[in-house]
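K.L.:
Sharing a structure, written as structure tokens. Questions coming.
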């Protein structure tokens, strides 16, 4: 079940967009980082991150309404499915994040997109030299990365008991090992 090749095959059955694939890899990298930080199973957390939007490509208007029917027959356990469902809490799901993994997924889903946007506008176009202060500078510009909900990110940080700055820092650190795969290695 914790086979990345099988997870990729399943993801590709329902999704085709390169940007969504890079997003899946970014969230996976961030969740692996948080799993390591909290002494949890990096493979399990990582695959939850990778498959968190498994139904989005085919059902964008019904996001998370089909995740269970895709993941359960593929053999993913209840804790995995629940975590996936919880990342849309208050938006497109009634499943509240309870477990630390669920809270981390809720917090970093939108944040990885915001951090990616911040990296794209740097002269280096890289996450490798991105600092928290650069991300915070863009935070107040509501027209920048307007599709990324700052409210959800702030709520996620609070759920995790982290300051916004700490959540940003840890998410940047988590995304860096995947910089090339997610398109933010830039010119460094």
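K.L.:
Of the residues that make up the stretch 63-85, is at least one within 23 Å of residue 114 (Cα to Cα), assigned to a loop (DSSP other than H, G, I, E, B), touching a helix residue (DSSP H, G or I) at 6+ places or on another chain (Cβ under 9 Å) and at pLDDT 95 or above? Don't jump to the end; show me each part of the working.
P.N.:
The initial filter retains those residues of the stretch 63-85 that are within 23 Å of residue 114 (Cα to Cα), namely 63-64, 83-85.
Subsequent filtering for residues that are assigned to a loop (DSSP other than H, G, I, E, B) retains 63-64.
Going one step further and asking which of them are touching a helix residue (DSSP H, G or I) at 6+ places or on another chain (Cβ under 9 Å), we end up with 64.
The next check asks that each one be at pLDDT 95 or above; those that pass are 64.
Checked the stretch 63-85: at least one residue is within 23 Å of residue 114 (Cα to Cα), assigned to a loop (DSSP other than H, G, I, E, B), touching a helix residue (DSSP H, G or I) at 6+ places or on another chain (Cβ under 9 Å) and at pLDDT 95 or above.
K.L.:
Among the residues of the stretch 115-131, write down those that are buried (at least 22 other Cβ atoms within 10 Å of the Cβ) and touching a helix residue (DSSP H, G or I) at 6+ places or on another chain (Cβ under 7 Å).
P.N.:
Step one: of the stretch 115-131, the residues buried (at least 22 other Cβ atoms within 10 Å of the Cβ) are 115, 118-119, 127, 130.
Of everything in the stretch 115-131, those that are buried (at least 22 other Cβ atoms within 10 Å of the Cβ) and touching a helix residue (DSSP H, G or I) at 6+ places or on another chain (Cβ under 7 Å) turn out to be 115, 118, 127, 130.
K.L.:
Would you say residue 158 is modelled with pLDDT under 95, surrounded by fewer than 18 Cβ atoms within 10 Å (Cβ to Cβ) and out of contact with any strand residue (DSSP E or B) (no Cβ under 9 Å at 6 or more places or on another chain)? Write out each step before concluding.
P.N.:
Values: modelled with pLDDT under 95: no; surrounded by fewer than 18 Cβ atoms within 10 Å (Cβ to Cβ): yes; out of contact with any strand residue (DSSP E or B) (no Cβ under 9 Å at 6 or more places or on another chain): yes.
The answer is no for residue 158.
K.L.:
Moving on to the next point. Kindly indicate which of 25, 10 is in a helix (DSSP H, G or I), modelled with pLDDT of 95 or more and closer than 18 Å to residue 78 by Cα. Steps first, please.
P.N.:
Values: 25 fails: closer than 18 Å to residue 78 by Cα.
Going through 25, 10 in turn, the sole match is 10.
K.L.:
List the number of the failed condition for residue 96; all other conditions in (1) surrounded by fewer than 19 Cβ atoms within 10 Å (Cβ to Cβ); (2) in contact (Cβ under 8 Å) with a residue 12 or more places away in the chain; (3) touching a strand residue (DSSP E or B) at 6+ places or on another chain (Cβ under 6 Å) hold.
P.N.:
Among (1) surrounded by fewer than 19 Cβ atoms within 10 Å (Cβ to Cβ); (2) in contact (Cβ under 8 Å) with a residue 12 or more places away in the chain; (3) touching a strand residue (DSSP E or B) at 6+ places or on another chain (Cβ under 6 Å), residue 96 violates only (2).
K.L.:
If you don't mind, there's one more thing I want to ask. Consider the stretch 28-52. How many of its residues are in a loop (DSSP other than H, G, I, E, B), surrounded by fewer than 24 Cβ atoms within 10 Å (Cβ to Cβ) and without any contact (Cβ under 8 Å) to a residue 60 or more places away in the chain? If you could, list the steps in order and put the result at the bottom.
P.N.:
Of all residues in the stretch 28-52, those in a loop (DSSP other than H, G, I, E, B) come to 39-41, 52.
Add one more test, that the residue is surrounded by fewer than 24 Cβ atoms within 10 Å (Cβ to Cβ), and what stays is 39-41.
Imposing the further condition that a residue be without any contact (Cβ under 8 Å) to a residue 60 or more places away in the chain reduces the set to 39, 41.
Qualifying residue count, the stretch 28-52: 2.
K.L.:
Collect the residues in the stretch 139-153 that are in contact with a helix residue (DSSP H, G or I) (Cβ under 6 Å, 6 or more places away or on another chain) and surrounded by 15 or more Cβ atoms within 10 Å (Cβ to Cβ), keeping them in residue-number order.
P.N.:
Correct list: 145, 148, 149, 152, 153.
The values are calculated or read from the model by the stated rules, or taken from the named source; none is laboratory data. Every value quoted in this text rests on a predicted model; they were computed, and no experiment measured them. Methodologically, a virtual Cβ is constructed for each residue, glycine included, from the backbone with ideal geometry; neighbour enumeration extends over all protein chains shown.
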